[in-house]
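Have a look at the structure below, then the notes.
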Amino acid sequence: MSGSELAARVSDALEVDPEAFQTQAAEEAQRLKQEVRDGTFDNTEAIVGLELELYAVDSRTGSLRRVPRELLGLIGFEKELGLHNAEMQTSPQPLNEHGLAAQEAELKANLAPALERTSREDIQLVSDGLWTVPPNGETATEYLCDSVEQDGVRIGTNMSDAARYHAMTNTDFPVGMRIEAPHVSLSADTVMPESLITSIQPHYQIPHAPDLPDYFAYALRVAGPLLALGVNSPFFPPDLYDDADDEAVVDDAWMEHRVTVFEDVLNPGDWEREPDGVDESGKVRFPRDFDTVEGAIDDIVADTTIVPMDVEPGERFDDAFAHLRHKHGSYWRWVRPVFDGASRSSANARIEFRPLPAQPTVRDAVAFQAVFAGLMVALPKIEHPVRSLDWGRARENFYAACREGLDAELTWVTSDGAETTNLDRTYGELFEIAREGLEHQGIPTETAQQYIRPLRERADRRMTPARWKHDHVAAAVDGRVPLAEAIWGMQSEYVDHQSETLLDGSFVDWL
């Protein structure tokens with residue numbers, strides 16, 4: 001697509017009347033509420049799914065690579081924000097022994113030929129939280145900030161040609177287009193800096209849609225502990241750092257800068273991550289509890305739409321809620337409710353769990369999917385008292401996990417109603433509850449333990465992918481290796497380990 005064609009599509013999107021769009025979305029929300037009350041979104045069993053994002057590097061040098069669009073189509077992956085990104089989604093499966101096995105098999109079945117095909121172009125797909133090595137001959141700043149103006153529209157040079165991505169840059173909504181992190185300060189003219197990060201996103205489809213607020217509350221309260229296990233992005237590309245001492249960069253690094261990036265780039269420029277509350281103007285934030293499923297739908301309606309667009313009616317059942325679905329596309333909460341379905345029989349209400357960065361291996365990603373699903377089954381079933389943990393404390397757990405990973409002081413409420421910050425007690429109980437949830441779905445005990453084991457070992461060893469990265473860089477800097485060389489050396493080792501274990505190993509095999 002030419003620059004002028006893309007600019008024309010962006011301009012068309014920006015001309016949509018936001019008030020008329022909002023009116024249609026609100027009307028659709030009322031119909032959606034009625035369908036929920038009528039039981040249309042109820043299901044007889046729990047269903048799971050997973051989204052997996054990757055980025056591409058040069059297999060010879062380890063530097064970031066743009067993926068040719070025709071190659072992306074050949075390997076069956078979807079476009080994401082940056083030209084270096086690729087995304088795949090698993091087919092929804094029942095949460096049982098065969099369904100979870102199918103999830104892992106589908107990931108491998110798609111990744112294996114994709115890795116083989118991209119290798120012919122000297123491209124390697126990497127599962128990681130945040131890339132650190134820019135393309136050959138470019139700095140990360142240049143790659144992330146390069147843009148042109150075409151017919152009055154700002155176009156990110158290295159962004160995919162989807163009009164909605166570029167429209168976010170050109171809308172009146174004051175997206176920050178910046179990153180503020182320890183010793184990092186970056187400002188751009190587009191939302192392209194968000195393409196630094198990649199994630200996994202487990203989905204859990206609940207059986208009875210009106211019960212969504214209860215499941216949602218539990219998901220918020222396990223967000224901090226699960227994120228602390230999954231952290232995987234302690235460092236930025238070296239040229240993004242200010243003139244700080246190498247030791248200060250290492251000492252002050254957060255374990256999960258992916259959260260920082262997403263919030264800073266897409267929230268308003270004056271949005272603040274307040275320590276004692278929450279700035280409700282932020283579109284990317286830790287969400288509040290819902291009292292009712294109708295309240296969850298109302299929250300989507302009330303959320304500011306960054307780019308209203310003309311939505312063409314289609315043949316799907318949920319096209320009856322097409323404007324609301326479009327709003328949901330920029331309803332960026334770290335945990336969010338989803339209501340959709342291609343047909344009336346497949347209509348579902350589910351929870352999308354978004355805190356987790358991409359993981360070192362497929363087995364690690366599926367471990368998180370299994371543990372999250374097991375918790376969603378068991379916690380509401382046994383009415384676990386962690387539901388009573390104050391929302392503000394759950395939010396503090398989340399951001400503490402971002403900063404410190406497993407070194408964070410995380411508050412948990414045990415099954416006997418006592419608060420604890422003892423990590424062994426917290427994870428011991430969390431894993432046992434997840435096992436019980438999986439067993440309740442007919443998964444044999446030994447199989448459930450196998451799914452949980454990669455994360456249990458992380459907790460036992462106090463070792464996460466982020467800590468592994470941090471230890472490597474810290475040791476190099478202590479040995480007088482310059483920061484850039486230390487980060488790139490660590491990244492090269494990460495990619496080498498992953499090339500051997502992505503499909504058939506786990507992160508703990510690296511230790």
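Condition first: open to solvent by 10 Å² or more (accessible area, probe 1.4 Å), under 27 Å from Gly374 (Cβ atoms) and charged (D, E, K, R). Can you find one or more residues in region 93-104 that meet it?
Within region 93-104, the subset open to solvent by 10 Å² or more (accessible area, probe 1.4 Å) is 93-94, 96-98, 101-102, 104.
Subset that is under 27 Å from Gly374 (Cβ atoms): 93-94, 96-98, 101-102, 104.
Cutting the leftovers down to charged (D, E, K, R) gives us 97, 104.
Within region 93-104, one or more residues are open to solvent by 10 Å² or more (accessible area, probe 1.4 Å), under 27 Å from Gly374 (Cβ atoms) and charged (D, E, K, R).
For residues that are open to solvent by less than 30 Å² (accessible area, probe 1.4 Å) and aromatic (Phe, Trp, Tyr), scanning just region 302-331, find the one that is farthest from Ala162 (Cα to Cα).
Phe321
Among the residues in region 61-82, are any touching a Ser or Thr at 6+ places or on another chain (Cβ under 7 Å), aliphatic (A, V, I, L, M) and closer than 17 Å to Ser195 by Cα?
yes
Would you mind stating whether Ala112 is among the small types (Gly, Ala, Ser), surrounded by 18 or more Cβ atoms within 10 Å (Cβ to Cβ) and not in a loop (DSSP other than H, G, I, E, B)?
Numbers: among the small types (Gly, Ala, Ser): yes; surrounded by 18 or more Cβ atoms within 10 Å (Cβ to Cβ): no; not in a loop (DSSP other than H, G, I, E, B): yes.
So Ala112 fails the test.
Filter region 115-134 for residues that are open to solvent by less than 10 Å² (accessible area, probe 1.4 Å), over 20 Å from Gln369 (Cβ atoms), in a loop (DSSP other than H, G, I, E, B) and not hydroxyl-bearing (Ser, Thr, Tyr) and give the result.
Result: Trp131, single match.
Please pick out the residue among Gln30, Gln34, Gln24, Gln89 that is in contact with a helix residue (DSSP H, G or I) (Cβ under 6 Å, 6 or more places away or on another chain) and open to solvent by 50 Å² or more (accessible area, probe 1.4 Å). Outline the logic, then answer.
Working: Gln30 fails: in contact with a helix residue (DSSP H, G or I) (Cβ under 6 Å, 6 or more places away or on another chain); Gln34 fails: in contact with a helix residue (DSSP H, G or I) (Cβ under 6 Å, 6 or more places away or on another chain); Gln89 fails: in contact with a helix residue (DSSP H, G or I) (Cβ under 6 Å, 6 or more places away or on another chain).
Only one candidate passes the filter, namely Gln24.
Looking at (1) open to solvent by 10 Å² or more (accessible area, probe 1.4 Å); (2) closer than 30 Å to Met192 by Cβ; (3) of a type in the set (Gly, Ala, Ser), which is the one condition that is false for Ala56?
(1)
Based on this model, can you work out whether Glu51 counts as in contact with a Ser or Thr (Cβ under 9 Å, 6 or more places away or on another chain), open to solvent by less than 50 Å² (accessible area, probe 1.4 Å) and modelled with pLDDT under 95?
So Glu51 fails the test.
Select from region 276-333 the residues that are basic (Lys, Arg) and assigned to a helix (DSSP H, G or I) and write down the one among them that is nearest to Phe21 (Cα to Cα).
Of everything passing the filter in region 276-333, Lys327 is nearest to Phe21 (Cα to Cα).
Only one of Asp161, Asp211 is within 22 Å of the chain's Cα centre (by Cα), open to solvent by 30 Å² or more (accessible area, probe 1.4 Å) and not hydroxyl-bearing (Ser, Thr, Tyr). Can you tell me which?
Checking each option against the conditions leaves just Asp161.
Has region 319-335 got at least one residue that is among the acidic types (Asp, Glu) and over 20 Å from the mean Cα position of the chain (by Cα)?
yes
Which of the residues spanning region 385-402 are under 13 Å from Ala219 (Cβ atoms), touching a strand residue (DSSP E or B) at 6+ places or on another chain (Cβ under 6 Å) and in a helix (DSSP H, G or I)?
Matches in region 385-402: Val386 only.
Among the candidates Arg336, Arg344, single out the residue that is touching a strand residue (DSSP E or B) at 6+ places or on another chain (Cβ under 8 Å), surrounded by fewer than 24 Cβ atoms within 10 Å (Cβ to Cβ) and either in a helix (DSSP H, G or I) or not polar (S, T, N, Q) (or both).
Arg336
Specify which of the listed residues (Phe372, Phe398) is hydrophobic (A, V, I, L, M, F, W, C), touching a residue at least 60 places away in the same chain (Cβ under 8 Å), surrounded by 20 or more Cβ atoms within 10 Å (Cβ to Cβ) and closer than 25 Å to Ile443 by Cα. Show your work before the answer.
On the way: Phe398 fails: closer than 25 Å to Ile443 by Cα.
Step by step, each of Phe372, Phe398 is checked, and only Phe372 is hydrophobic (A, V, I, L, M, F, W, C), touching a residue at least 60 places away in the same chain (Cβ under 8 Å), surrounded by 20 or more Cβ atoms within 10 Å (Cβ to Cβ) and closer than 25 Å to Ile443 by Cα.
Which ones in region 69-109 are farther than 30 Å from Asn158 by Cβ and in a strand (DSSP E or B)?
Correct list: Gln93, Pro94.
Enumerate the pairs (first residue in region 260-274 and touching a residue at least 24 places away in the same chain (Cβ under 8 Å); second residue anywhere and polar (S, T, N, Q)) with beta-carbon separation below 7 Å, excluding pairs fewer than 6 apart on the same chain, so at least 6 apart or on different chains.
Pro268/Ser281; Trp271/Ser281
The values are calculated or read from the model by the stated rules, or taken from the named source; none is laboratory data. Computed from a predicted model, the values in this text were never measured in an experiment. Note that each Cβ is placed from the backbone with ideal geometry, even for glycine, and that neighbours are counted across all protein chains shown. Ligands, DNA and RNA are stripped out before the accessible areas are found, and what is left, the full protein with its side chains, is counted by its heavy atoms. Shrake-Rupley method; radii C 1.70, N 1.55, O 1.52, S 1.80 Å.
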